[in-house]
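Q: I am attaching a structure below and will ask some questions about it afterwards.
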Amino acid sequence: MAPPLPGPLAHLAPVLDHYGYAAVGVLIFVEDFGIPVPGETILIAASVYAGAGRLNVVLLGVIAVVAAVAGDNVGYLIGRTGGSALVHRWGRYVLLTPERLRRAEEFFVRHGGKVVTIARFIEGFRQANGILAGITGMPWPRFLAFNALGAVLWVGLWTGLGYAVGTHIGAISQQAFRYQIYLLAGLAAIVLARFVYHRYRRHRAE
């Protein structure tokens with residue numbers, strides 16, 4: 001039986017149950033050339049599953065790195081061949097407006113390879129990383145090297161944290177249930193107190 005995923009990751013459980021590694025690979029791949037899908041989120045959720053014994057963490061990590069590098073290289077190809085004209089025409093559909101593109105290009109040109117490595121950890125830059133590298137004309141071998149490094153670090157971070165959570169998912173679920181009861185009890189006390197207060201005020205007014 002699949003472990004319950006904590007918090008906002010729970011809605012990805014059916015996707016992982018049905019598609020497993022394929023879901024992780026596809027979502028990371030398409031996210032990395034600008035499509036707004038939860039690639040990072042499903043990586044974290046899958047890592048929790050791996051920690052709970054539902055997936056192989058090594059295979060998960062390899063698939064995630066390959067998908068991340070491949071997706072960014074598709075973005076690089078888009079940026080290199082279509083350039084800024086393509087982004088200006090279609091970028092709004094993937095949340096890459098002309099103003100965002102201009103600011104990102106300036107930042108990218110100033111910092112070069114460092115940006116390619118750390119961009120994966122920044123929402124927005126992760127999706128536009130390859131496209132910007134292509135637009136600014138960064139040499140492909142240089143982009144590939146820094147991009148692969150960033151992918152390995154990004155996947156390593158989230159799979160490591162998710163796996164650690166997954167190995168203790170039973171205890172975490174119990175604690176979450178325990179504090180959920182306390183939270184509901186606190187909310188009930190607040191509602192009751194407000195009810196009593198309003199009844200008291202009404203009685204005083206009469």
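Q: Full-extension gain between TYR19 and ALA145, please, as 0.36 nm times their residue separation minus the C-alpha to C-alpha distance. Walk me through the intermediate numbers first.
A: On the way: separation 126, 0.36 × 126 = 45.36 nm, distance 3.02 nm.
Contour length minus the Cα-Cα distance gives 42.3 nm.
Q: Quick check: net charge around ALA45, other residues with Cβ under 15 Å of its Cβ, Lys/Arg +1 and Asp/Glu -1?
A: Numbers: positive: ARG54; negative: ASP17, GLU31, GLU40.
Every neighbour counted, the sum reads -2.
Q: Using a cut-off of 10 Å between beta-carbons, work out the net charge of the residues near ASN147 (Lys and Arg +1, Asp and Glu -1, ASN147 not included). Walk me through the numbers on the way to the answer.
A: On the way: positive: ARG120, ARG142; negative: ASP32, ASP72.
Computed value for this residue: 0.
Q: Output ³J(HN,Hα) for the stretch 17-23: one whole-Hz value per residue in order, computed from phi by the Karplus curve 6.51 cos²θ - 1.76 cosθ + 1.60 with θ = phi - 60°, and x for Gly and Pro.
A: 4, 8, 10, x, 4, 4, 4
Q: Which ³J(HN,Hα) values in Hz, rounded to whole numbers, follow from the phi angles of the stretch 112-117 under the Karplus curve 6.51 cos²θ - 1.76 cosθ + 1.60, where θ = phi - 60° and Gly and Pro get x?
A: Each residue of the stretch 112-117 in turn: x, x, 4, 5, 4, 6 Hz.
Q: What ranking of TRP158, TRP140 comes out by heavy-atom accessible area, probe 1.4 Å, highest first? Don't skip to the answer; put the middle values down first.
A: Details: TRP158 65, TRP140 120 Å².
Descending accessible area places them as TRP140, TRP158.
The values are calculated or read from the model by the stated rules, or taken from the named source; none is laboratory data. Computed from a predicted structure; not experimentally measured. Ideal geometry is used to build each Cβ from the backbone, glycine not excepted, and the neighbour counts take in all protein chains shown. In case anyone asks, the SASA skips ligands and DNA or RNA and just uses the protein heavy atoms, side chains included. Shrake-Rupley method; radii C 1.70, N 1.55, O 1.52, S 1.80 Å.
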